[in-house]
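Here's the structure we're looking at; comments come further down.
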Amino acid sequence: MMINRLRLPLVVVAALVVQLSVLSGLRISGVHPELMLALAVSVGLVAGPARGATAGFFIGLVTDLFLVTPFGLSALTFTLVGFGSGLLQASVLRPSWWLPPVITLAASAAGVLLYAVIGATLGQRQMLHDGLAAIVAVVALANAVLAPIVMRVVGWAFPEGEASYGVPSSSYLQPGAGR
Amino acid sequence: MAVTRRRARPRFTLLVLLLASATIITLSYRGQLDGVINGARHGAGNALSPIQSAVSAALRPVGSFFEGAANYGSLQAQNAKLAQENARLRAQGLQVPAAERQLHSLQALQRLPYAEGIPSVTAEVVAQSSSNFAETVDIGKGSSSGVGAGMPVVSAGGLVGSVVSTSDHRATILLLTDPKSEVGVNFGQPPTRGVASGQGANQPLQVSFVNPSFKVRKGEVVPTSGLQSSKFPPNVPVGRVRSAHLAPSALQWDITLAPLADLSNLQYVRVLEWAPKP
């Protein structure tokens, strides 16, 4: 049980390393994927809104340590995103394999927009610039592509899996599971 | 159990966490958490930098593969241009091997015509920006080599930006093109002053506050003004005037500057151990 609790922090650190040393250099029209955001979404999907929000908060705090944007901004955004994706997942009646990528797409787009809007309200006006649409689109698509892998890893971090079907081990990866 | 209770009240959890984040943002905005945050950043950077270096060294080929795939179109164009350039250089008998070129760029960095007499640290750029909302790069030297927050950074071309945070062996540099970056600049002789601010990646700098009675020439090289308490030393080249317009009855020139340093392709930079005079 104790070891299981260490799984999520381990996943967060691993994701941070991957983001900083690989994904930050992988740019599509100048924008890179945001793995930490995808991670917060996945925790919401796998473990429900409450744990999604809690994990999102801490993932955001850790992410903020490596950014020059206002400290706490990622924590606030990821909390909302983790909670929101948990709620979305809970409101869906039937599971299917395509649901995690689609929710990740929507939640990542919403996350980036929120991040920029909250940043702008805090006086960082430059965050709402012309390139914002490109950032939203690239991050949403790239995170949706990463979603199946991230879901598997997060499923490993929550072996007891709260949500009835969010756990990737069996149901959602099988085509036709939703029928 | 606490876990069960927490599950039963997800909205309460959300509210508590939102209040916590809002408090953190407010306190850090007012500078009351600076000590804690900088300490945590320093510690986190130190803990992660060995793993980061090892992983990026091991995975560099993977990254370049995807980067290559993503930039295929521009690479093709670049390739054609380079092939042309190569043919031209061959004709001139000027084939310089890569290592020698690297040496040249380092030597050029050692013999800067500006910022003379200011002690400095030469460092390699090791990572690009970790945020989609900020123009930064990471360098492979940190506070253990004398790099400190606020220090100006230059390359062989000219001003690059300034250091915003450090750990023992790494530092983050805010580039001139970041919208938060502002540099005081001088035009002509006798100098007229302006402020050049960043407009985002690959965008020229925008200059404000230049007096309309002054004549701005296109192509002019513009250096830092280095006024008292400025963040940068005087006479470091910043950019070349790309466009200059003066609308009738305008109160200031509308000027854009192309940065002289190749900011999207930095390899080595020099951190000047310089602090503004109080």
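Values quoted throughout were computed directly from the atomic coordinates according to the rules given, and no laboratory measurement underlies them. Note that this is a predicted model, so its numbers are computed, not measured. Using ideal geometry, Cβ is built from the backbone for each residue, glycine included, and neighbour counts are taken over all protein chains shown.
Rounded to the nearest 20 debye, the dipole magnitude of chain B is 660 debye, with +1 charges on Lys and Arg beta carbons, -1 on Asp and Glu beta carbons, and the Cα centre as origin. The residue list B:V238, B:P204, B:T122 was ranked by how far each Cα lies along the charge dipole of chain B toward its positive end, using unit charges on Cβ atoms, and B:P204 comes out on top. To the nearest ten degrees, helix A:35-64 and the longest principal axis of the Cα atoms of chain A are 30 degrees apart.
Using the Cα centre of chain A as the reference point, and only Cβ charges (+1 on K/R, -1 on D/E), how large is the resulting charge dipole? Debye, rounded to the nearest 20. Could you put the intermediate results ahead of the total?
On the way: 8 positive and 5 negative charges, 52 e Å.
About 240 debye.
Please give the helix A:2-21 orientation as an angle from the longest Cα principal axis of chain A, in degrees from 0 to 90, rounded to the nearest 10. Helix A:2-21 and the main axis of chain A meet at about 40 degrees.
Straight-line cross-link partners of B:K81 among the lysines, defined as a Cα under 28 Å from its Cα and at least 8 positions apart when in the same chain: B:K218. The longest part of chain B holding none of the exposed loop trypsin sites (Lys or Arg not before Pro), meaning those outside H, G, I, E and B in DSSP with at most 12 other Cβ atoms within 10 Å, is B:112-214. Springs join every pair of Cα atoms under 10 Å in this Gaussian network model of chain B, and among B:V216, B:V160, B:V185 the largest mean-square fluctuation is at B:V216.
Which shape class, rounded, prolate or oblate, goes with the range A:1-120 when its Cα gyration tensor gives a ≥ b ≥ c as root eigenvalues, a/c under 1.5 marks rounded, and past that a/b bigger than b/c marks prolate? Before the final figure, lay out the partial values.
Working: a/c = 1.44, a/b = 1.21, b/c = 1.19.
Rounded.
Please express the shape of the protein assembly as shown as an equivalent ellipsoid: the semi-axes are the square roots of 5 times the eigenvalues of the C-alpha gyration tensor, given largest first in whole angstrom.
Gyration-tensor ellipsoid for the protein assembly as shown: 43, 25, 22 Å.
Between B:V55, B:V153, B:V241, the Gaussian network model of chain B with springs among Cα atoms under 10 angstrom shows the greatest mean-square fluctuation at B:V55.
Name the shape class, rounded, prolate or oblate, that the alpha-carbon gyration tensor gives for the range B:220-278, where a ≥ b ≥ c are the square roots of its eigenvalues, rounded holds for a/c under 1.5, and otherwise prolate holds if a/b is larger than b/c and oblate otherwise. Since a/c reaches 1.5 but b/c is at least a/b, the shape of the range B:220-278 is classed as oblate.
The angle separating the long axis of helix B:72-91 from the principal Cα axis of greatest extent in chain B is about 30 degrees. The string of couplings for the range B:27-39 from the Karplus curve (6.51, -1.76, 1.60, θ = phi - 60°) is 4, 5, 5, 7, x, 7, 10, 3, x, 5, 5, 4, x Hz, one whole number per residue in order, with x for Gly and Pro.
Each Cα pair under 8 Å and six or more residues apart adds its separation to the average, and for chain A the resulting relative contact order is 28 percent. For B:S165, nonlocal amide neighbours, meaning residues 5 or more places apart or on other chains whose placed amide H falls under 5 Å from its own, are B:T172. Using the Cα centre of the protein assembly as shown as origin and beta-carbon charges of +1 (Lys, Arg) and -1 (Asp, Glu), tell me which of B:G148, A:F83, B:Q228 is placed farthest towards the positive end of the dipole. Going by the charge dipole, the pick is A:F83. Mean-square fluctuations from a GNM of chain B, with a 10 angstrom spring cutoff on Cα atoms, peak among B:F187, B:F214, B:F232 at B:F214.
In terms of surrounding Cβ atoms within a 10 Å radius of their Cβ, B:S225, B:S74, B:S145 rank from fewest to most as B:S74, B:S145, B:S225. When the charge dipole of the protein assembly as shown is built from unit charges on Cβ atoms (+1 for Lys and Arg, -1 for Asp and Glu) and taken about the Cα centre, the candidate among A:G119, A:A55, B:L112 whose Cα reaches farthest toward its positive end is A:A55. Mind checking which lysines have their C-alpha under 19 Å from B:K277, skipping anything on the same chain fewer than 8 residues away? In chain and number order, the partners are B:K231.
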